[in-house]
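> Here you go, one structure.
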Amino acid sequence: MYEPKPEHKFTFGLWTVGNVGRDPFGDPVRERLDPVYVVHKLAELGAYGVNLHDEDLIPRGTPPAERDRIITRFKKALEETGLKVPMVTANLFSDPAFKDGAFTSPDPRVRAYALRKSLETMDLGAELGARIYVVWPGREGAEVEATGKARRVWDWLREALNFMIAYSEDQGYGYRFALEPKPNEPRGDIYLATVGGMLAFLQTLDRPELVGLNPEFAHETMAGLNFVHAVAQILDMGKLFHIDLNDQRMSRFDQDLRFGSENLKAAFFLVDLLESSGYQGPRHFDAHALRTEEEEGVWDFARGCMRTYLILKEKAQAFREDPEVQDLLKDYYREDPQALSLLGPYSKEKAEALKRAELPLDTLRRRGYALERLDQIAVEYLLGVRP
Ligand code: GLT
Ligand code: MN
Ligand code: MN
């Protein structure tokens, strides 16, 4: 019961279970874990894959011979365990060179460094079998408006992404690019702050069909937005290329909490949405163990994310199949053939008919939608007293 298996497509980042518990006020509390050890541990726990930043696997400044040795060792662990690397991404935020932006640095030398690092990360990912390339523009933001940069960054971002996509195609890597919005942190304000902004921006790229989103639960929640609605819109646009699952309280720093540990109801309806959407991609947990934990707590955290997801999946399915829920929803989405005939694509005749039609406004004004009942049933499923 609730046992994670590779077919569930659960993934973690090397940087998530490998998080050493540093925060802006405190030093690391845990040792860095060897990536090979992480691969074996995740496989043992039933995960499908492990994702990484270039620097998670190959620390900055590693000489080429050592780089090759690291990759060989890592690939051996993947072969032994069957674990996949579905996604890679470049770390464009840790190096002090990126302090005022990577792709949007005012200094073209920094922009060139960011672009080169991205191409090298694509090379690395291709070697590991990755097909999803995440772009999280964490440093592409500002604390100061006096530069007027907010008007210029869009061309730089487009130029960099178009270059990267063309490179991927040219090399035959076949990446699908997943852009990840976040409102703030580490910058005071990040330019591509929300799912809506990102969806609009990607349409301005040369190959929008190769670009989608990697939305994160915590990031929309930080901005006080509804993550379930954000994911629903992304799905509507066929742009859910990857997803970062975690948890978060609103109006706080990016907490990256264990999935389902805070907003249980939102997690429930998110799983309900994802599982009924036909989404086939990885269920990635971009979260980390609390700073209070030693290594054992890290694996408790990882197990918890997957177990909660599977429990919610079962509960969401039971909720949808509940006859009372189905009856309530049948009434909710009332079928009225006469009214339906007035809707749909425009025609002159329809517009005329619409103006003449008698709509029972008094009844409509009095109608109730039974949402208290419906929502209480969901709550009771979550509380474990139903069915
Ligand atoms: C970083 C960030 C995440 C991004 C990762 C991808 S790194 O931890 O907080 O939201 O998904 O670069
Ligand atoms: Mn993320
Ligand atoms: Mn986050």
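The values are calculated or read from the model by the stated rules, or taken from the named source; none is laboratory data. Everything quoted here is computed from the prediction, not taken from an experiment. Note: ideal-geometry Cβ built from the backbone for every residue, glycine included; neighbour counts use all protein chains shown. SASA here: full protein model, heavy atoms, side chains in, ligands and nucleic acids out. Shrake-Rupley method; radii C 1.70, N 1.55, O 1.52, S 1.80 Å.
> May I ask you to derive the FRET efficiency for GLU120 and LEU340 from their Cβ-Cβ distance with R0 = 41 Å, giving the value to the nearest 0.05?
For R0 = 41 Å, the calculated efficiency reads 0.15.
> Pairs of Cα atoms under 8 Å, at least six residues apart: use those to get the relative contact order of the range 248-297, whole percent.
Relative CO of the range 248-297 lands at 41 percent.
> Express the carbon and sulfur contribution to the solvent-accessible surface of the chain as a percent, rounded to the nearest whole number, probe 1.4 angstrom.
52
> Another question, then. Using 7 Å Cα-to-Cβ label points, what is the GLU296/ALA353 separation (nm, one decimal)?
My value for the distance between the label points is 7.0 nm.
> Taking Cα pairs under 8 Å and at least six residues apart, what relative contact order does the chain come out at, in percent?
14
> Next question. Would you please name the trypsin sites (Lys or Arg not before Pro) within the range 299-387 that are DSSP coil residues with at most 13 other C-beta atoms within 10 Å of their C-beta?
Taking the range 299-387 and a limit of 13 other Cβ atoms within 10 Å, the loop trypsin sites (Lys or Arg not before Pro) found are ARG334, ARG367.
> Using only the heavy atoms of the protein chains and a 1.4 Å probe, how would HIS8, HIS53 rank by accessible area, largest first?
HIS8, HIS53
> Of the DSSP beta bridges with both residues in the chain, give the percent that are antiparallel, rounding to the nearest 5.
Bridges in the chain that DSSP calls antiparallel: roughly 15 percent.
> Suppose we take every Cα in the range 179-279 and form the convex hull; what volume per residue is that in Å³?
87
> Let me check I've understood the local charge: for PRO86, count other residues with C-beta under 9 angstrom from its C-beta, Lys and Arg +1, Asp and Glu -1. What total comes out?
Net local charge, PRO86 excluded: +3.
> Sort HIS219, HIS229 by accessible area with a 1.4 Å probe, largest first.
The most accessible residue leads, giving HIS229, HIS219.
> How much accessible area per residue does the range 1-75 have, counting only protein heavy atoms and a probe of 1.4 Å, in square angstrom?
Computed with neighbouring chains in place, this is 53 Å² per residue.
> Here's something else I'd like to know. Longest span of the chain, sites excluded, free of GluC sites (Glu not before Pro) in DSSP loop with at most 16 other C-beta atoms within 10 Å?
Between exposed loop sites, the widest span is 146-293.
> Given points 7 Å out from each Cα along the Cα-Cβ axis, report the ASN226 to LEU361 separation in nanometres with one decimal.
Simple spin-label model gives 2.7 nm for this pair.
> Also: Using a 1.4 angstrom probe with every protein chain in place, what is the largest-first accessible-area order of ASP244, ASP236, ASP34?
Ranked from most to least accessible, the order is ASP236, ASP34, ASP244.
> Only loop residues by DSSP count here, and only those with at most 14 other Cβ atoms within 10 Å; note down the chymotrypsin sites (Phe, Trp or Tyr not before Pro) in the range 304-387 that meet that.
Loop-located and lightly packed - TYR333, TYR346, TYR369.
> Restrict the search to the range 23-118; then list the chymotrypsin sites (Phe, Trp or Tyr not before Pro) that DSSP places in a loop and that have at most 12 other Cβ atoms within 10 Å of their Cβ.
Passing both the DSSP loop test and the Cβ count: PHE25.
> Also: What is the Cα convex hull volume of the chain when expressed per residue in Å³?
187
> To continue, here is another question. When the dipole is taken about the Cα centre of the range 196-295, and only Lys, Arg (+1) and Asp, Glu (-1) are charged at their Cβ, what size is it in debye, to the nearest 20?
Charge dipole, the range 196-295, about its Cα centre: 260 debye, nearest 20.
> A further question follows. For GLU294, what charge total do you get from the other residues with a beta carbon under 13 Å from its beta carbon, if Lys and Arg give +1 and Asp and Glu give -1?
My count for the surroundings of GLU294 gives -3.
> First select every other residue whose beta carbon is under 13 angstrom from the beta carbon of LEU225; then total the charges, Lys and Arg +1, Asp and Glu -1.
So the surrounding residues net to -1.
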